[in-house]
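Colleague: After the structure tokens below, expect a handful of questions from me.
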Amino acid sequence: MLYHVTIGEHTMVVDLAGTGITIDGTPVSHAEMLTQSSGTLHHMIADGASHAVLGRAAGAGLWDLQIGGMKLTAEVVDERTRAIRAITRTSAGVIGPRPVKAPMPGLVVRVEVAVGDSVRAGQGVLIMEAMKMENELKADVAGVVSRIVAAEGQAVEKGAVLIEFAAGTEPADG
């Protein structure tokens, strides 16, 4: 089965069909994933290297992952879902940047942007505390902050819109 896995702005094709695993057509030797009893802690062995992976479903096709101290959000989409999305996007017209939403219930600790700020893809825009951990929420794509819904100290529910964006260009480094 083919999956399209997107982390940040990079999408790779993961093929689990047949006898092995390939990523973008490159075979991964000796790949194995073991799940611990909790269901959120996994142990991955790939190309002879061992990795602890903390992963939890964060919504439709979204996964929050922690690998070696690095926090990532991955979108995993199968071929059928990808085709349906392609058809509906074509008929729906232009879609702007997605808002930042709360991945789980928590408390807004700090808003790191203001209305009118240009942000780049992957830029941190808000710090949220959930389950006694601070999580940095990031913009999916470049844009301009059009509305800040959340306030520092505010408790929010999973899926609540926190920050909205208008289409914009990638800010210059400097």
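Colleague: Just need a number here: residues in the range 61-86 that are exposed (fewer than 11 other Cβ atoms within 10 Å of the Cβ) and at pLDDT below 80.
Modeller: 4
Colleague: Quick one: which strands (runs of 3 or more DSSP E) sit completely within the range 99-174 and have at least 1 residues that are of a type in the set (G, A, S) and open to solvent by less than 50 Å² (accessible area, probe 1.4 Å)?
Modeller: 106-111, 124-130, 143-148, 161-167
Colleague: Does the range 97-111 contain any residue that is touching a Phe, Trp or Tyr at 6+ places or on another chain (Cβ under 7 Å) and over 29 Å from D15 (Cα atoms)?
Modeller: Among the residues of the range 97-111, at least one is touching a Phe, Trp or Tyr at 6+ places or on another chain (Cβ under 7 Å) and over 29 Å from D15 (Cα atoms), which makes the answer yes.
Colleague: Let me spell it out: the conditions are (1) under 16 Å from V161 (Cβ atoms); (2) at pLDDT below 80, and S91 meets all of them except one. Which number is the exception?
Modeller: Of everything listed in (1) under 16 Å from V161 (Cβ atoms); (2) at pLDDT below 80, S91 misses just condition (1).
The values are calculated or read from the model by the stated rules, or taken from the named source; none is laboratory data. Keep in mind that what you see is a predicted model, and the values were worked out from it rather than measured. Glycine gets a Cβ as well: all are built from the backbone with ideal geometry, and neighbour counts include every protein chain shown. Protein only, heavy atoms only, side chains kept; ligands, DNA and RNA dropped before computing areas. Shrake-Rupley method; radii C 1.70, N 1.55, O 1.52, S 1.80 Å.
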